[in-house]
Structure formats: structure tokens, C-alpha cells
Amino acid sequence: MPSAVTRLDVVIVGAGFGGLCATHRYREMGLKIVGIEAGGDVGGVWYWNRYPGARVDLPSIDYSYSFSPEIEQEWTWSEQFAAQPELLAYFNFVADRLDLRRHYHFSTRVTSAVWDEERKLWTVRTDRGQTFEATYCIMATGPLSIPKDPDIPGIARYKGQLLRAAKWPHHPVSFEGKRVGVIGTGSTGIQIVQEVGKQAGELFVFQRTPSFTMPMRNQALEPDYVAEVKRHYAGLREAARNSPNGGVRPASTRAFFSVTPAQRRELLDDAWKQGGLAMLGTFADLLSNPEANEHVAEFVRGKIGEIVKDPVTAEQLKPRGYPIFARRPCLDSSYYETFNQPNVHLVDCLTDPIEEITEKGVRTRAGEIELDVLIFATGYDGLTGAMLACEVVGRGGRRVSEKWKNGAYSYLGLMMEGFPNLFMTTGPNGPAALANIIRISEHDVDWIAALMTHMDQHGLACVEPTGEAEDRWMELVVALSQRTLLSKAKTWYVGANVKDKPLGLTLFTGGFPKYREYCAAATQDNYRSFAFAQTADRVAAT
Ligand code: NAP
């Protein structure tokens with residue numbers, strides 16, 4: 001029997017950083033809201049990613065909301081880089097403090113969102129048979145929410161314990177005395193390896209492309225430091241919004257070859273000792289000058305050689321053939337050191353590729369490796385995966401999958417021509433992945449709020465960007481992307497990790513302040529880049 005239809009102002013998809021922020025903001029505007037979240041509770045990626053060692057690789061102080069000075073004062077981070085349980089506790093704290101959960105349907109997935117041109121509203125359906133009708137649909141689905149299994153035959157055949165990093169069980173998993181395999185050596189795999197290596201009887205690390213990882217040098221936050229931060233949050237947030245990556249971290253205007261080789265070495269050594277993302281802040285041209293980039297890459301390869309005792313393993317761990325930082329830089333606490341343990345074995349899938357997964361484990365060209373536990377840390381269908389995972393149908397029956405058949409295409413990463421009143425937070429073609437996701441989320445939520453207020457004040461029923469504005473934005477995104485080395489590695493940034501996905505860097509690489517400028521300009525020039533329709537037949541939410 002079809003369920004009753006609920007009429008709303010806004011449907012918000014996702015209860016991660018973007019979704020919770022949107023729920024709070026739009027509720028304050030007096031709008032009638034429903035949130036839909038596939039996870040069992042709030043937290044987004046941090047709800048799902050409960051694997052051992054999961055930890056944010058941006059400073060916790062930066063990786064938190066700025067919209068509530070009360071929450072900033074009431075919440076206290078314990079470590080420089082918070083672990084997943086503390087991040088989830090933060091989400092719970094925010095959700096409780098602002099009473100956000102009551103707006104959400106959890107463990108519920110959106111199956112379709114269809115624009116009704118006549119009635120000027122979105123019809124959103126879920127896998128629980130619910131139907132919502134809303135003037136606005138906000139896809140706060142995040143850039144990394146659709147995990148991806150490896151393209152290896154035989155997965156279903158495996159009889160041991162199969163664990164996926166991005167869908168980790170909610171109960172503790174013991175690796176004590178077990179033969180464990182990890183496939184994938186990106187940020188996730190690296191964090192898992194260094195933890196599971198301490199417990200497993202034998203650990204086999206299946207590495208196809210080695211990542212560059214640098215010491216995190218995590219530490220407890222001293223009360224005096226936290227008090228100082230709390231006194232200066234407003235200024236810190238402002239600085240973050242004005243920095244290219246949306247966070248407070250070291251940056252430099254110095255070009256690599258403007259200083260002597262000895263000075264360069266000293267600066268890189270200092271950055272290595274300092275840890276975190278200090279290395280990224282040593283020189284301004286690391287992502288634009290290939291020669292400078294290669295010097296830094298070689299510096300890190302040298303460090304790997306110093307740490308890893310077995311020369312063959314050290315050589316296999318050294319990334320080559322792509323620029324450092326073109327893949328997301330990883331931070332570790334003991335990754336390379338883990339390979340000095342006798343129970344940890346590197347399987348170099350470049351020389352010994354995985355052929356299949358068997359009942360008992362993994363078969364590489366060299367033979368079968370039997371495993372009690374197999375862990376996939378094989379990444380995500382990034383940036384576009386979540387939008388394409390449900391059926392989003394715009395004006396004239398046009399699907400997002402058609403619009404994006406050659407890659408993500410939007411205006412400011414926020415809206416799409418042909419999809420009125422549909423907004424994305426941290427969407428593709430914006431700076432997602434290259435700047436602090438929480439700063440972007442807050443910005444996007446505010447920008448959408450201003451547009452919805454404008455429409456309300458002017459009696460407008462629907463809005464979408466003009467095709468011309470969208471084309472101009474995409475030309476800019478493409479032109480800027482050609483100036484960086486980011487597209488020179490096979491990563492989720494460029495869609496290279498998903499079979500048959502269109503290739504291309506669908507991110508705005510001009511930095512967060514410039515992005516904010518473009519977004520502000522789009523609304524300040526009398527909304528010339530948008531097409532509006534009058535309210536006439538708009539039906540109010542009841
Ligand atoms: P990822 O960076 O895409 O890494 C996936 C790994 O799986 C790669 O090493 C990939 O190798 C490997 N892989 C995939 N298919 C394979 C196959 N058939 N055979 C062998 N290896 C295979 O994914 P991720 O590590 O989950 O990280 C994704 C993003 O999440 C990061 O870039 C970061 O933005 C975010 N993240 C952040 C944190 C944090 O804040 N600390 C932690 C984890 C993740 P190839 O490269 O050769 O394809």
C-alpha cells in the first residue's frame with residue numbers, strides 16, 4: 001500500500017558534517033525539514049569508518065564546526081588529530097546539543113529524487129517506501145560515501161572473515177594470532193596496517209601503488225593550549241576561511257629553487273620532524289613545479305630507505321611515477337616501521353599481481369596466500385558516486401547520470417542547470433577534497449540559505465543556474481586544473497580508481513578564498529547567472 005506523502009520545504013540527504021549543519025541552519029529559518037541518512041546514526045564517513053586506527057589527518061581544532069560559538073566553547077578535543085571514536089562523540093554532542101536527530105530518518109536510503117515541473121517540487125522516495133515532497137532538495141552526501149570493492153574476481157567465494165574499512169562492524173574484531181590480509185595502501189590502508197600489524201599473527205599488505213606518507217606526530221592537547229584556542233576561535237576560523245585549504249596550517253610563498261640545496265634540505269628535515277602537513281607548507285610551488293616536486297619526493301623516498309631495514313621492501317615501498325601530493329598525502333604514526341616487524345609482509349602487486357580471491361585467501365601470480373581475515377581498504381567512488389547511486393531526475397526527465405556522462409558538470413559545485421532547487425554541499429567542481437570539508441560545508445549551507453531567503457522574499461518558486469553560467473564555471477575549473485600536478489596521478493580525484501568512470505580533475509583548484517569569492521559574486525550581481533520562476537502555484541508545506 002503506498003505510504004502517505006509528507007510535504008516539506010527541504011529534504012536533506014545525509015547526516016554528516018554538511019547535513020547536520022544544513023538541518024540546524026534551515027530549521028532556524030523556520031523551514032519544515034526532513035533528513036534522510038543511510039547510516040544508523042549521525043556522523044557520515046565517521047559513522048561507517050570504525051576500522052582500527054581510523055583518525056582524522058587534519059588538526060581536530062580545525063576539523064570542527066564554527067557556526068556555534070557555544071559548541072566551540074563546550075567541546076574540548078583531547079588530541080591534535082582526533083581518533084574516530086572522539087569524532088563520533090563530537091557528532092553525537094552536536095546532534096544532542098542542537099536536538100537534530102528528531103528531524104532524521106536513519107538507516108534509510110534515498111532511492112530517487114524526481115523534479116515535478118508542474119508542481120515545482122522534488123519527490124524523494126526511500127528504500128523504506130516513504131515519499132517526501134519538498135520545494136528544495138539538498139544532497140549533503142559527501143565526496144566519499146560510496147565505498148568500492150576491488151575489481152578482483154572471486155570475492156564471493158572467500159570463506160574467511162571479509163571486512164570492509166568503510167563498513168566496519170560495530171563490535172571489536174580480534175586479529176590475535178590470525179593471518180590477515182589488507183588490500184589497499186591509501187590513507188585508510190596505511191592507518192589499518194600500522195594498527196593491525198601490532199596484533200595479527202601474520203599480516204600481508206597487498207600494495208599496488210605505494211603512497212607517500214609522512215609522520216603525523218600526533219599528541220595530546222594541553223589544557224593551556226586548548227584554552228588559548230578557545231579564546232581565539234573567531235580569529236582562527238577567519239584565518240582558516242582565508243587560507244587556500246580552508247585550514248590553519250603552515251604555508252609558504254617561497255619557491256623551491258629560490259633557496260640553496262642545503263637550506264632546502266634543512267627546511268624539509270624540519271618539516272619531517274614537525275610532522276603533520278608541515279611538508280606541504282615548505283614551498284609554494286610543490287604542486288606546480290615538477291622538478292621541485294621530484295626533489296621533495298626523493299627526500300621522502302630517502303626517509304623510507306632510512307626507516308625500512310630490508311632494502312627490497314624499502315625499494316618496493318618507495319612511490320615512483322607520480323608527483324608527491326598529487327594523491328592525497330597520508331599521515332602515519334609507524335607505517336614504514338611496521339614493515340620491520342617479522343610478522344608483516346609486503347606483497348608488491350606491481351610485480352606480483354593479485355589474480356583472484358579464493359575460498360581460502362588471495363592468489364597472486366606467485367601463489368596462494370591463505371588468510372583468516374581479509375580487509376578491503378580499496379577506496380570510494382569519490383565526488384560523484386553518491387549522486388549517481390540514486391536516481392536523480394531533473395526537468396524534462398533528464399537524469400544526472402546523463403548530464404554527467406562525460407564527468408561531473410555543475411555551477412560552483414552547488415547547483416546544476418536542468419535541476420531546479422537541487423543543491424549539493426561539497427559537490428564536485430567545487431574545492432571538496434582540497435580544502436577543509438567543514439569550512440566548505442558551512443559555506444555552502446550559508447550560500448544556499450541566502451538563495452532560499454532571496455527566493456522567499458521575491459516570491460520565486462524555483463531557481464537553477466543558466467547553461468551559460470555553468471559552462472563558464474566549468475571552463476574555469478578545467479583551465480585551473482591544467483595548472484596543477486594533481487591530475488598527474490591515478491586517483492579518486494580524477495576518477496581513475498573506478499572502471500569506466502570519465503577521467504578528469506573535477507575539482508576547483510583555485511583555493512578556498514577564491515571559491516568563496518566566486519560564490520559571493522554569483523549572488524551579488526543580482527543573480528544574473530540564474531533563471532528563476534515565479535511562485536504562482538507553489539504549494540506551502542503543511
Ligand atoms: P584510496 O586512497 O583510493 O586508496 C585505495 C587503495 O586501494 C589504493 O592503494 C588502491 O591501489 C588500492 N586498490 C584498489 N583496487 C585494488 C586492486 N584491485 N588491487 C590492489 N589494490 C587495489 O582510498 P582510501 O585509502 O580509502 O582513501 C580515500 C580518501 O579518504 C583519502 O584520499 C582521504 O581523502 C580520505 N581518508 C582520510 C582519512 C583521514 O582523515 N585520516 C583516512 C582515510 C581516508 P591503486 O592506487 O593502485 O589503485
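The values are calculated or read from the model by the stated rules, or taken from the named source; none is laboratory data. Predicted, not measured: the structure shown is a model, and the values here were computed from it. Counting neighbours? That spans all protein chains shown, and the Cβs are built from the backbone with ideal geometry, glycine included. These accessible areas exclude ligands, DNA and RNA; they are computed on the full protein's heavy atoms, side chains included. Shrake-Rupley method; radii C 1.70, N 1.55, O 1.52, S 1.80 Å.
With 32 Å as the limit, the listed pairs K303/K501; K32/K148; K309/K501; K178/K318; K490/K514 have K303/K501; K32/K148; K309/K501 beyond it between alpha carbons. Label-to-label distance for E117 and N406 is 2.3 nm, based on points extended 7 Å past Cα in the beta-carbon direction.
Counting only DSSP beta bridges with both residues in the chain, the antiparallel share comes to about 40 percent.
Across segment 417-425, rounded Karplus estimates of 3J(HN,Hα) from the backbone phi angles (6.51 cos²θ - 1.76 cosθ + 1.60, θ = phi - 60°) give 4, x, 10, x, 6, 9, 10, 10, 9 Hz, Gly and Pro being marked x.
Measuring spread by the Cα atoms of segment 457-542 yields a radius of gyration and Dmax of 17.6, 52 Å. Farthest toward the positive end of the dipole of segment 416-542, out of I448, A522, A479, is the Cα of A479, where the dipole comes from beta carbon charges about the Cα centre. Relative to the current alpha-carbon distance between R157 and N242, full extension at 0.36 nm per residue lengthens the span by 25.5 nm. For the chain, the carbon plus sulfur part of the accessible surface works out to 51%, probe radius 1.4 Å. For I375, nonlocal amide neighbours, meaning residues 5 or more places apart or on other chains whose placed amide H falls under 5 Å from its own, are L163, G181, V182, I183. Each Lys and Arg contributes +1 and each Asp and Glu -1, all at the Cβ; summed about the Cα centre of the chain, the dipole is approximately 520 debye.
Judged by the mean number of other Cβ atoms found within 10 Å, the most tightly packed of the peptides 32-42, 512-522 leads the ranking 32-42, 512-522. Placing a label point 7 Å from the Cα of E315 along the Cα-to-Cβ line, the residues of segment 339-370 whose backbone N sits under 13 Å from it are 351. The peptide list 69-80, 222-233, put in order of mean Cβ contacts within 10 Å with the highest first, becomes 69-80, 222-233.
Output the peptides 254-267, 176-189 sorted from most to least packed, where packing is the average of other Cβ atoms within 10 Å over each peptide's residues. List each step's numbers first, then the result.
Working: 254-267: 13.9, 176-189: 21.6.
Final packing ranking: 176-189, 254-267.
Beta bridges assigned by DSSP with both partners in segment 1-132 are antiparallel in approximately 55 percent of cases.
Remark: the I71-A521 segment gains 158.9 nm on full extension, using 0.36 nm per residue and subtracting the alpha carbon distance. Shown is the FRET efficiency for S107 and K360, computed with R0 = 45 Å from the Cβ-Cβ distance and rounded to the nearest 0.05: 0.85.
Note on the chain: dipole from Cβ charges, positive end direction compared against V11, P502, M29; the farthest Cα belongs to P502.
Could you state the accessible area per residue of segment 187-271 in Å², with a 1.4 Å probe and every protein chain left in place?
Working: 4140 Å² over 85 residues.
Roughly 49 Å² per residue, with all protein chains present.
The value for the chain of Rg(Cα) / (2.2 N^0.38 Å) is 0.98. Applying Stokes-Einstein at 25 °C and 0.890 mPa s to the Kirkwood radius of segment 331-476, computed over alpha-carbon pairs, gives a translational diffusion coefficient of 127 µm² s⁻¹.
A 1.4 Å probe run over the protein chains yields, for segment 79-171, 44 Å² of accessible area per residue, whole-number rounding.
Calculate, in nm to one decimal, what E368 and E228 gain on full extension: separation in residues at 0.36 nm each, minus their alpha carbon distance.
Going from the current span to full extension adds 44.9 nm.
Taking only protein heavy atoms and a 1.4 Å probe, what accessible area per residue, in Å², does segment 310-435 have with all protein chains in place? If you can, show how the numbers build up before the last one.
Details: 4420 Å² over 126 residues.
Result: 35 Å² of accessible area for each residue.
Taking the convex hull of the Cα atoms, report for segment 387-432 its projected area averaged over all directions, in nm². Can you show the working numbers first?
Working: hull surface 12.2 nm².
Across all orientations, segment 387-432 yields a mean hull projection of 3.0 nm².
Could you order L98, L350 by accessible surface area, starting with the largest, using a probe radius of 1.4 Å? Write down the numbers at each step before the final one.
On the way: L98 25, L350 115 Å².
From most accessible down to least: L350, L98.
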